[in-house]
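**Student:** My questions all concern the structure below.
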Amino acid sequence: MNVYCGIDWAERHHDVALVDDTGTQLAKKRITDDAAGYRVLLDLLAEHGDTPEDLIPIAIETSHGLLVAALRTGNRQIYAVNPLSAARYRDRHGVSRKKSDPGDALVLANILRTDMHAHRPLPADSDLARAITVLARAQQDAVWHRQQLVNQVRSLLKTFYPAALDAFQGKQHGLARPEARTVLATAPTPARAAKLSLPQLQAALRRAGRVRGIEAEARRLKEVFRADCARHPQAVEDAMGQQLGALIVQLDAACRAADELAKAVEESFRKHPDADVLLSFPGLGVQLGARVLAEIGDDHGRFADARALKAYAGSAPITRASGRKKFVGRRFIKNDRLITAGFLWAFAALTSSPGADAHYRRRRDAGDWHAQAQRHLFNRLLGQLYHCLQTGQLFDEQRAFTPFPTELAVAA
């Protein structure tokens, strides 16, 4: 007799339901979200035939948390069922739209009983790959948060301190530069900036870590800050300066967090066996390669073929056909982090791979928009990456992008 388990997850407690092949409910229980509750769950599973050789599969609506970590020991199959999918299954058993936590656990158990083949278990990723996932996502979130703060600072400077924009906007990293943050923290208003002397500006640049061209840069900043410009009343300007100072403090913290997480990502990523394969691809550096690895994992049996990986990433188009109507368009249900990394990957590959650039140009000549051509290039690179990871080969430009007959004729 096969047994299936469904768990309705909550913050403080979890409802558990066990069913057999016929759909008969064997047990139900509410456990606490702590170590004692996890032991109660394992004891309940053992009472109904759970052994290391024959583990009971579990369906739950999340793939994260300590409960999932406790259940993933060994070779147990954990199925993370999308809550929307579970809601559709719930409607199969009644039209009254009633809902309860024990009922949801029962629905999840029945999903495995009837349609386990249609759902994918959590991948058997290594601990190192899962650690890289945590760090890469955290670093990406930190970069996004940093950019949000930069946008806020820029918007504020535009309203009362345009000289600061003129001073740093054309520089690499713009307002996120250590020099920009240090100078703005020293002089958060136009009035205070206009009073800065050359020694004070030079000292600020040195605190920011600059070691060359300090005198020339200090003179340039002094000229910019002392240029004639429109001003708010002094009280209003001082208030905006306090607001700017608070934003600079947050931006400093965000920049430090992003830099520290980037170092942690690099240290972990370079230890992974798949790092050499990923870094061999054009356009993939350490940070971007870590983001790709974080989303696809290192369980090489997770995707049945390259098409499955492309569908998961959202790079492959989706077809909707009914009668004489047929629509081919982009996917909306996808791994958003992976497709975001894919667009950056495809864009960076244009300058480092002649084959990738030629492929992109062909798509543009065929009528694709920039984003469409990039997505098509990412789709091709992803298929090549799948093959290389499966076989352990490094990227080969000549084999990856075979010249078209027209290109060979022109070369001849």
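**Student:** Residues of the range 50-60 being surrounded by 12 or more Cβ atoms within 10 Å (Cβ to Cβ) and either without any contact (Cβ under 8 Å) to a residue 12 or more places away in the chain or within 18 Å of Asn110 (Cβ to Cβ) (or both), which ones? Even if it seems obvious, please write down each step before you answer.
**Tutor:** Taking the range 50-60 and keeping what is surrounded by 12 or more Cβ atoms within 10 Å (Cβ to Cβ), we get 50, 55-60.
Once the filter is applied, which keeps residues that are surrounded by 12 or more Cβ atoms within 10 Å (Cβ to Cβ) and either without any contact (Cβ under 8 Å) to a residue 12 or more places away in the chain or within 18 Å of Asn110 (Cβ to Cβ) (or both), the range 50-60 yields Ile56, Pro57, Ile58, Ala59, Ile60.
**Student:** A further question on this structure: Residues in the range 270-290 that are farther than 13 Å from Ala341 by Cβ and not in a helix (DSSP H, G or I): how many? So that I can check it myself, show each step before the final result.
**Tutor:** Initial filter on the range 270-290 (farther than 13 Å from Ala341 by Cβ): 270-277, 279-280, 282.
If we keep only those that are not in a helix (DSSP H, G or I) too, we end up with 270-274, 280, 282.
Count: 7.
**Student:** Kindly list the number of the only condition in (1) within 32 Å of the chain's Cα centre (by Cα); (2) assigned to a helix (DSSP H, G or I); (3) without any contact (Cβ under 8 Å) to a residue 12 or more places away in the chain that fails for Arg92.
**Tutor:** (1)
**Student:** Looking only at helices (runs of 4 or more DSSP H) that fall completely inside the range 181-269, which ones have 1 or more residues that are touching a residue at least 40 places away in the same chain (Cβ under 8 Å) and not acidic (Asp, Glu)? Break it down into steps so the answer makes sense when it comes.
**Tutor:** Working: elements: 190-194, 198-207, 214-225, 234-269.
Of the helices (runs of 4 or more DSSP H) lying wholly inside the range 181-269, those with at least 1 residues that are touching a residue at least 40 places away in the same chain (Cβ under 8 Å) and not acidic (Asp, Glu) span 190-194, 214-225, 234-269.
**Student:** Under 7 Å between Cβ atoms, at least 6 apart or on separate chains: pull out the pairs that start in the range 143-165 with a residue that is assigned by the TED database to the domain that holds Ala176 and within 24 Å of Asp259 (Cβ to Cβ) and end on any residue that is open to solvent by less than 20 Å² (accessible area, probe 1.4 Å) and not aliphatic (A, V, I, L, M).
**Tutor:** So the pair list comes out as Arg146/Cys255; Val150/Gly174.
**Student:** Still on this structure, I have one more. Looking at the range 67-86 only, could you name the residues that are outside any loop (DSSP other than H, G, I, E, B), open to solvent by less than 40 Å² (accessible area, probe 1.4 Å) and over 17 Å from Ser126 (Cβ atoms)? Steps first, answer last, please.
**Tutor:** Of the range 67-86, the ones outside any loop (DSSP other than H, G, I, E, B) are 67-71, 78-80, 83-86.
Next, only the ones that are open to solvent by less than 40 Å² (accessible area, probe 1.4 Å) stay: 67-68, 70-71, 78-79, 85-86.
Matches in the range 67-86: Leu67, Ala70, Leu71, Tyr79, Ser85, Ala86.
**Student:** Count, please, the residues in the range 258-308 that happen to be modelled with pLDDT under 95 and among the β-branched types (Val, Ile, Thr).
**Tutor:** 0
**Student:** What's the number of the condition Tyr89 fails, among (1) surrounded by fewer than 19 Cβ atoms within 10 Å (Cβ to Cβ); (2) over 23 Å from Ile333 (Cβ atoms)?
**Tutor:** Tallying (1) surrounded by fewer than 19 Cβ atoms within 10 Å (Cβ to Cβ); (2) over 23 Å from Ile333 (Cβ atoms), Tyr89 fails exactly one: (2).
**Student:** Among the residues of the range 126-161, write down those that are open to solvent by less than 30 Å² (accessible area, probe 1.4 Å) and not β-branched (Val, Ile, Thr).
**Tutor:** Pass one, the range 126-161, residues open to solvent by less than 30 Å² (accessible area, probe 1.4 Å): 129, 132-133, 136, 139-140, 142, 149-150, 153, 156-157, 160-161.
Ala129, Ala136, Gln139, Gln140, Ala142, Leu149, Leu156, Leu157, Phe160, Tyr161 - these are the residues of the range 126-161 that are open to solvent by less than 30 Å² (accessible area, probe 1.4 Å) and not β-branched (Val, Ile, Thr).
**Student:** Which residues, counting only those in the range 291-317, are in contact (Cβ under 8 Å) with a residue 12 or more places away in the chain and in a loop (DSSP other than H, G, I, E, B)?
**Tutor:** Gly297, Asp298, Asp299, His300, Gly301, Arg302, Phe303, Asp305, Gly314, Ser315, Ala316, Pro317
The values are calculated or read from the model by the stated rules, or taken from the named source; none is laboratory data. If you're wondering where the values come from, they're calculated on a predicted model, not measured in any experiment. Neighbour counts are summed over all protein chains in view; Cβ atoms, including those assigned to glycine, are modelled from backbone coordinates with ideal geometry. These accessible areas exclude ligands, DNA and RNA; they are computed on the full protein's heavy atoms, side chains included. Shrake-Rupley method; radii C 1.70, N 1.55, O 1.52, S 1.80 Å.
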